[in-house]
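The values are calculated or read from the model by the stated rules, or taken from the named source; none is laboratory data. The structure presented is a predicted model; accordingly, all values stated were derived computationally and were not measured. Note that we place each Cβ from the backbone using ideal geometry, even for glycine, and neighbour counts take in every protein chain shown.
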Amino acid sequence: MPQIAFYTTPYGQPTFVPTKQEIVTPATSSNVQQAISYVRVFWDSNSCTSEPELKVDERSLQQWVVAFCIIRFDLEQGQLIEECYPPGCLSQNEELEVAFSSFPDSVSQHHNRSSIHDCIFFFRTRRKQTSRVENVALSDIVEVDNNEASQKPTSAGVLNQRSRNIHSVNSKYLYGFVFNRQRHDERLKRGGEQNSVVILSHSPYSSVFRPLLQIMGPLYFDVGKKALNYIAAYVSTWPTPIPGQLMELPIGNAVLKVNLPPSHSLPSDNGVFFEDSASSLAPLLPSNQSVPHGLFHDSDLFGAFRGLLMQLWKLWELLLIGEPILIIAPTPPQCCEAVSGLVSLVAPLLCSIDFRPYFTIHDPEFAHLNSLPDGASFPPMILGVTNLFFLKALRNMPHIVSVGSPASNSSRFAMGSRAPIGGNPAGHEGFNLQRLSLRKLAPANFLNAVKLRRDGPLCLMTEHKEAIWTNYAAVTKPDTSILNRLVDAGMSPRVEESMSVVNNDILRRHFLELTTNFLAPFGPYFRASTPSEGSSPFADPPPLPSFNTEEFLTSLSARGPGKFLLKRMRSNWLELYRRFLKGHNFLPWFQRKRAVAEQEQYKLWRQASINTNIHQLISKMSELEIVDSFNAIERQLLGEMQYGRANADTEVVCQKLKKDLQAVFNILPKDVQQLLIMTPRRLLF
C-alpha cells in the first residue's frame, strides 16, 4: 500500500502524491477521486473489518472539531440530525440551526439528470453559549475613543494579559463544513433524497476541512456511520493547531499538509492574538508570500468574480470600510466561494465584520434583518445567499452583488463557478483589457447596463446575471496591468483549474500589497522601543505613541499615503482613510496591533534586563537612582512570580532578578537598607 499525502495549494483544491516525496502540485478532480479510492480501500480492507474500534480522545478532538453530524432531509419531518458525534455537544436550538443550514435552498437548486450530485460548502452561525475561557477585554488593552488611543504598558499588566489570554476552544461562532449529496431516483418519493455530512468547528480552517470532507463524505456513504468514529479517532491524534504554520495531519493512510491562517487574521473571540510574531507588528509587505496572510487563502477569488473583475477594487474598499454587502449566487458552493474570497481580499487586515458564507431564512438573525424599518442602517456584514426571496426581504441592502452561473458544475466536488468569460478556447491568452473596454462601450452593452441599473436586483428573479448594484463611488482605480496578466484558460476544465491557481496568486498578491500599503501609515503607532544605552531596563517601558484621529489625518494629508497608493487612487484618497477610521474594521485591528506591539516591547525590555550586568549598571548611578532600580527590579520580580507562568524561562529569570536585587541591596548604605526592609510590603528580606 503506497503512502498517500494530500497537499493544499494556496488557492486550489487539495492534491495528493502516492509516494513519500513531498511535492506540491495543482489539484484536479481526477487525482482527488483517485486519492479517495485509496482511502476507501484502506478503510474497507483494514479498518472496517479487521481492526478493533479506534479510541477517540475527545479533549484533543475539541482542538479541531466540535462535532461530526449526519443530517437527512425527511419529506415529512424536514431536516433531521441522525447522528451527532460526540453526542450532547449541541443545544437543541443549535441542532436546528445546523440542520437548516446544511442543505441547499430548494429555490436555488438547478436540477440535473445525473443520478448523484455532490457539493461542498460551509456556513457560519452565531453560538449562544459563552466561552468558558476568559479572554482579555479590549478595554483592558487599549482605550480608544473617537479622538485618542492610549495604553497602560506596565510589565506586570502585560504579563497579566498574557496569562489570561489562553487559547479558547470556544467562540461565539460555529463554522459548519458540509458535504451534501443529492441522489435522484424515480423510485423514491419526490424522485430523490438528500443527505449531508457536516463537520462543525470553532475555527475557520477551510484549508483543513474541505479536503477532510472530500474523504469523509464519500466514505460515509460507502461504509455508514462507522466512518465518523474512524475520522474522529484520527483527528483526535492531530497535534494542537498552530496558526500560520504548515501542519501535517494524518488521516487513515493519507496525510493532509495544510497551511493554517495566521493568528492575527483569526476572529478575536478565538483568543490567540498574543501568539502573533514580531513580523506581524508593522504593516510591511511580507517577504514570504507563499504562506497565507489571512483567512480563506484557499478560496477561488478569480473563479468567483471572473465576471466582475473590474469591480474587485470597489469591493475591496467596501469590505475595508465595513459596509454591509449581500452576495447572491445560484448555488451554495458559489456563494461560499464569493464570500470567503471577499474576506480574503483585505488580508492582512483583521476582518471584524460578521460574514455568513451561506445564510438562510431559518437563521435566527434573519428575523431581525427582515424587521429593520425603511431607512435604518444594516449592520456591517457580508451575507451569502441563494434564495431569491432575500432580494425582496432585504431590498434596502446598500450593496448587492450577483455572482456565479446557474449551469451545474460537472465536477463531483463543486466549489464554485468555472464558466469561461471568452477568448480563444484552443489556447491560453491574457485578458485583453482593450477588447473588454470596447465591449463595455458597445451600444448593446451600454443599453444592457442602463437596463440592469434601472431594473435593479429584482431582475435576477427572471434571469441570473453577474452584476453589482451600489451607489458607492470607489477611490481606488482598477489596476489594468494586473488584469492584463490574468490568463484565460478557455474551455478546458483541467487547464482552467491550473490557470485559476495562477490567476488567484496574481490577484491575491496584488491586493495583499494594496492593503499592506494602505495600512503602512499606522506603522509608527505599533513601533516597540528598546532601552537606550546607559538607561535601566528594569523600568517600565515608555508608552507607545498615542493616536488621535484628527492629528493622524492632518499629518497624513500633509505627507501623502505613499507613491504606491497615489498612483492607484483618486485625489480624494483621504476620504477612504476617514471612512476606514469610522468603520467597524479599524478599532479591533488597531487594538489588537497595539496589544501585540506592547507584548513585543515587553519581550525586548525583559530580554534586556536578563542581559544586563547589574554591577556595571549601578556603578554609574547615584544613591537615589540605585533605590529606584531596587524598586523597579522588585516590581519586575513580583510580576514574574505572579504572572510569569506564560514564559518557559520564568524560573531562570526569577533567579537572575533575585541576584540582581540582592546586589543592589548590598551596595546601599545600612540606613537605606533598614528603611527598605521595614516597608510592610517587602517579602524578600
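Okay, residues lined up against (1) closer than 30 Å to residue 597 by Cβ; (2) not in a helix (DSSP H, G or I); (3) not hydroxyl-bearing (Ser, Thr, Tyr):
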position: 498; (1), (2), (3): no, no, no
position: 525; (1), (2), (3): yes, no, no
position: 543; (1), (2), (3): yes, yes, yes
position: 556; (1), (2), (3): yes, no, yes
position: 561; (1), (2), (3): yes, yes, yes
position: 565; (1), (2), (3): yes, no, yes
- Message: Of everything in region 257-272, what is modelled with pLDDT of 90 or more and in contact with a Leu (Cβ under 6 Å, 6 or more places away or on another chain)? Give them in sequence order.
- Response: 259, 261
- Message: Pairs needed: first member in region 222-243, under 21 Å from residue 87 (Cα atoms); second member anywhere, surrounded by 14 or more Cβ atoms within 10 Å (Cβ to Cβ) and among the β-branched types (Val, Ile, Thr); C-beta distance under 6 Å; at least 6 residues apart or different chains.
- Response: 232/56; 233/56; 234/251; 235/65; 236/56
- Query: Has region 596-604 got any residue that is surrounded by fewer than 16 Cβ atoms within 10 Å (Cβ to Cβ), farther than 30 Å from residue 351 by Cα and not hydroxyl-bearing (Ser, Thr, Tyr)?
  - Reply: no
- Query: Assuming residue 500 fulfils every condition listed in (1) small (Gly, Ala, Ser); (2) surrounded by fewer than 21 Cβ atoms within 10 Å (Cβ to Cβ); (3) modelled with pLDDT under 90 apart from one, which condition is it?
  - Reply: (2)
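Within region 72-116, work out how many residues are at pLDDT 85 or above, in a helix (DSSP H, G or I) and not acidic (Asp, Glu). Let's see the steps before the verdict.
Filtering region 72-116 down to residues at pLDDT 85 or above leaves 72, 81-104.
Imposing the further condition that a residue be in a helix (DSSP H, G or I) reduces the set to 92-101.
Next cut, not acidic (Asp, Glu) only: 92-93, 96, 98-101.
Result for region 72-116: 7.
Any residue in region 403-411 that is modelled with pLDDT of 90 or more, surrounded by fewer than 20 Cβ atoms within 10 Å (Cβ to Cβ), assigned to a loop (DSSP other than H, G, I, E, B) and out of contact with any Asp or Glu (no Cβ under 8 Å at 6 or more places or on another chain)?
If we filter region 403-411 for residues that are modelled with pLDDT of 90 or more, which is where we start, we get 403-404.
Filter again for surrounded by fewer than 20 Cβ atoms within 10 Å (Cβ to Cβ), leaving none.
Looking through region 403-411, none of the residues is modelled with pLDDT of 90 or more, surrounded by fewer than 20 Cβ atoms within 10 Å (Cβ to Cβ), assigned to a loop (DSSP other than H, G, I, E, B) and out of contact with any Asp or Glu (no Cβ under 8 Å at 6 or more places or on another chain).
Residue-by-condition table, conditions (1) more than 26 Å from residue 602 (Cβ to Cβ); (2) modelled with pLDDT of 95 or more; (3) out of contact with any helix residue (DSSP H, G or I) (no Cβ under 6 Å at 6 or more places or on another chain); (4) not in a loop (DSSP other than H, G, I, E, B):
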| site | (1), (2), (3), (4) |
| --- | --- |
| 274 | no, no, no, yes |
| 279 | no, no, yes, yes |
| 283 | no, no, no, no |
| 286 | no, no, yes, no |
| 296 | yes, no, no, no |
| 299 | yes, no, no, no |
| 304 | yes, no, no, yes |
| 313 | yes, yes, yes, yes |
| 318 | yes, yes, yes, yes |
- Task: For region 143-158, state whether one or more residues are over 18 Å from residue 296 (Cβ atoms), in a loop (DSSP other than H, G, I, E, B) and either under 26 Å from the mean Cα position of the chain (by Cα) or at pLDDT 90 or above (or both).
- Result: no
- Message: Here's a check for you: in region 193-232, which residue that is basic (Lys, Arg) and part of a helix (DSSP H, G or I) is surrounded by the most Cβ atoms within 10 Å (Cβ to Cβ)?
- Response: 210
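Name the residue, out of 631, 572, that is of a type outside the set (Val, Ile, Thr) and without any contact (Cβ under 8 Å) to a residue 60 or more places away in the chain. Walk me through it before giving the result.
Values: 572 fails: without any contact (Cβ under 8 Å) to a residue 60 or more places away in the chain.
Step by step, each of 631, 572 is checked, and only 631 is of a type outside the set (Val, Ile, Thr) and without any contact (Cβ under 8 Å) to a residue 60 or more places away in the chain.
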- Hits in region 225-235 (condition: more than 16 Å from residue 57 (Cα to Cα) and either out of contact with any strand residue (DSSP E or B) (no Cβ under 9 Å at 6 or more places or on another chain) or aromatic (Phe, Trp, Tyr) (or both)): 226
- Note on the structure: Of (1) under 12 Å from the mean Cα position of the chain (by Cα); (2) crowded, with 23+ Cβ neighbours inside 10 Å; (3) assigned to a loop (DSSP other than H, G, I, E, B), residue 358 satisfies every one except (1)
- Query: From 205, 173, which residue is under 21 Å from the mean Cα position of the chain (by Cα), over 19 Å from residue 89 (Cα atoms) and at pLDDT 55 or above?
  - Reply: 205
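Does residue 575 satisfy the criteria of being within 27 Å of residue 649 (Cβ to Cβ) and modelled with pLDDT of 90 or more?
no
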- Odd one out for residue 478 among (1) part of a loop (DSSP other than H, G, I, E, B); (2) modelled with pLDDT of 85 or more; (3) crowded, with 17+ Cβ neighbours inside 10 Å: (3)
- Identify the single condition in (1) under 30 Å from residue 479 (Cα atoms); (2) surrounded by fewer than 18 Cβ atoms within 10 Å (Cβ to Cβ) that residue 585 does not satisfy, given that it satisfies every other one. (2)
- Message: Could you tell me how many of the residues in region 524-549 are surrounded by 13 or more Cβ atoms within 10 Å (Cβ to Cβ) and of a type in the set (Asp, Glu)?
- Response: 1
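What number of residues in region 320-353 are outside any loop (DSSP other than H, G, I, E, B) and either without any contact (Cβ under 8 Å) to a residue 60 or more places away in the chain or not charged (D, E, K, R) (or both)?
Of all residues in region 320-353, those outside any loop (DSSP other than H, G, I, E, B) come to 320, 325-328, 332-345.
Checking the rest, the ones that are also either without any contact (Cβ under 8 Å) to a residue 60 or more places away in the chain or not charged (D, E, K, R) (or both) come to 320, 325-328, 332-336, 338-345.
Going through region 320-353 one residue at a time, the tally reaches 18.
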- Message: Can you find, within region 619-644, the residue that is surrounded by the fewest Cβ atoms within 10 Å (Cβ to Cβ) among those that are aliphatic (A, V, I, L, M) and either over 49 Å from the mean Cα position of the chain (by Cα) or more than 20 Å from residue 654 (Cβ to Cβ) (or both)?
- Response: 624
- For residue 552, state whether it is surrounded by 15 or more Cβ atoms within 10 Å (Cβ to Cβ), touching a helix residue (DSSP H, G or I) at 6+ places or on another chain (Cβ under 8 Å), modelled with pLDDT of 95 or more and part of a helix (DSSP H, G or I). yes
